[in-house]
1. Looking only at residues that are more than 23 Å from Asp47 (Cα to Cα) and among the β-branched types (Val, Ile, Thr) in the stretch 106-147, which one is surrounded by the most Cβ atoms within 10 Å (Cβ to Cβ)?
2. Can you name the condition, by its number, that Asn142 falls short on among (1) in contact with a strand residue (DSSP E or B) (Cβ under 8 Å, 6 or more places away or on another chain); (2) at pLDDT 90 or above?
3. Tally the residues that are surrounded by 21 or more Cβ atoms within 10 Å (Cβ to Cβ) and among the hydroxyl-bearing types (Ser, Thr, Tyr), restricting the search to the stretch 64-99.
4. Yes or no: Thr56 of a type in the set (Ser, Thr, Tyr), open to solvent by 20 Å² or more (accessible area, probe 1.4 Å) and more than 22 Å from Ile36 (Cα to Cα)?
5. What is the residue count in the stretch 24-46 for residues that are part of a strand (DSSP E or B) and surrounded by 17 or more Cβ atoms within 10 Å (Cβ to Cβ)?
6. For Phe67, which of the numbered conditions (1) modelled with pLDDT of 95 or more; (2) hydrophobic (A, V, I, L, M, F, W, C); (3) out of contact with any helix residue (DSSP H, G or I) (no Cβ under 9 Å at 6 or more places or on another chain) fails to hold?
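The values are calculated or read from the model by the stated rules, or taken from the named source; none is laboratory data. Please read all numbers here as calculations on a predicted model, not as lab measurements. Don't worry about glycine lacking a Cβ; one is built from the backbone with ideal geometry, like all the others, and counts go over all protein chains shown. Surface areas here come from the heavy atoms of the whole protein model, side chains and all, with no ligands, DNA or RNA. Shrake-Rupley method; radii C 1.70, N 1.55, O 1.52, S 1.80 Å.
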Amino acid sequence: MKSKSFIPILLLAYVMLATAACNKFVVENVNYSQQIESVLIPDENGDVNDIRHGITFNIEPFKIQEFGEEDTTPEIKEVRLIRNAEGYYFITANQFKNVYVMEPGKSELKLKNKIQVSEERLNAPAFNLRDKAVQLVKTDTNEILTLNENGLQESKEEDQS
């Protein structure tokens, strides 16, 4: 007798699961890119807030990656942030040697790639977005590096030779 009452419940559960699987709604070809970099100023706790693009995070974990746990880390006055078409955030700052490519998640930024862009510490870096690629401009030397979430890309001048 108990098995007869179990069959309708099992059938109802199957129908609900099948219906839920058919109701996928997906919008494709989304472009997440920010055309212009955000220049963010950390507060006294190291938090940066980009109101225009709706992201807030703390810069302290990045400082630990760059400088370790030292007490003599340089003060970070500006954080540079840009997002590419695939949705990855590119983050760097003055005195960093790296660009951090971060993948957004639920209440988190997860490291996708750490790209070393300088042997020396960066002085006045800036981001641009050109042809769906992120450019890091070293404004003190006018050097331009082309980046994607996987790392440094060859420049067009190098491709032509």
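1. Per the stated criteria, the residue is Val134.
2. (1)
3. Result for the stretch 64-99: 3.
4. No, not satisfied.
5. 2
6. The single condition Phe67 does not satisfy is (1).
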